[in-house]
Amino acid sequence: MYGRESQPPAGPPRMLAEIASRVRRIGRKLRAPFRRDRPPPQSQPPVRYGAYLGDHRYLATTAYGQWMYLDTRDITLTPHVILRGLWEPVVTEVILSHLRPGMRVVEVGSNQGWYTLLMARQVGPTGRVTSFEANKDLVRLVRDSASINGYLYQVALHAVAVGDTSGDATFYVRERYLGNSSLGQIDRPFLDYLHDDQREVTVPKVSLDEFLQGDDCRIDFLKVDAEGAEPLIVRGMERLLRENDRIVIVMEYSPIQMRTAGSDPEGFVTFLHGLGFHVHRIEDTGGLTRMTADDLRSDAHFDILLTRSELGVPDSESRAP
């Protein structure tokens, strides 16, 4: 099992190392749409229209032909969707490849709704996407995007944070890196480096074991992007994970952010293995690499795919240098 860490404040060398690691992580996410020279989806229209609507709102057309409301103050996802209609294409393809009509999906950390919309389309009107986002301003964007795309029936949006317990929580909303808002407070040197700021808000917080009831307890696919709160979220849905033995999970794995949010990454890995999950790293090429507990002890950041079935993918020791 894992628990909250109790560590002394980081000294200057450690703080600088953590800042450098976080900057590399952000750079990786921002460069991701340009890493693969692949043809756009077949559903991409010949011309993508967009319009600024005022009040920091932009209505864009994605490469998948969906309409999406965006917050123009954001400098991560928003520029890529406006200019290229894409965001994190490698992870997007992996997620879409595991979804089928009629599936039940849970998403924690919807941000501005890129994955929410795509997953809703993929599972269709007989499926269901239950999405959680602590930033109520972003929930409004996602709800409006779901509405104009005709997905309101199959998308349930909840303006709450998710963790291992229910109650109130302090949530730190970023001003320019909206998708990096989190339950963990960010160091001032890191914010200054990015010319960013954060504000504290109190939000309701739920555990999924307590919140999801009845038919919502069936989960075929789980998507989590919670800026370090992933261990707390998973710990708060242990019952659901045991009941859904075929569940597939895609989430971010960032040990530094997990520690900032008060969790132990190594204990988290032990917990996942104890539930019978195999951990696969999603490579920049779109391939998968099976990861051992030793592979996950570094502070590297990447996206992972969790399954209880063997996928027949190479392990980390067999990767080409």
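For Val279, the shell of other residues with beta-carbons less than 10 Å away shows a net charge of +1, using +1 for Lys and Arg and -1 for Asp and Glu. Under the simplified labelling scheme, the Asp215-Tyr193 pair shows an inter-label distance of 4.8 nm, with each label point 7 Å from Cα along Cα→Cβ. Each Lys and Arg contributes +1 and each Asp and Glu -1, all at the Cβ; summed about the Cα centre of the range 218-321, the dipole is approximately 360 debye. Inter-part distance, the range 225-292 to the range 93-151, computed on C-alpha centroids, equals 20 Å. Restricting the calculation to Cα atoms, the range 207-321 yields a radius of gyration followed by a Dmax of 14.0, 48 Å. Between the residues Thr116, Phe171, Leu212, the greatest Cα displacement towards the positive end of the dipole of the range 115-216, with unit charges on the Cβ of Lys, Arg, Asp and Glu, is found for Thr116.
All of the numbers you see were taken from the coordinates with simple rules; none came from a lab. Since the model is a prediction, treat every value here as computed from it, not as a measurement. Every residue, glycine as well, gets a Cβ built from its backbone with ideal geometry; the counts of neighbours run over all protein chains shown.
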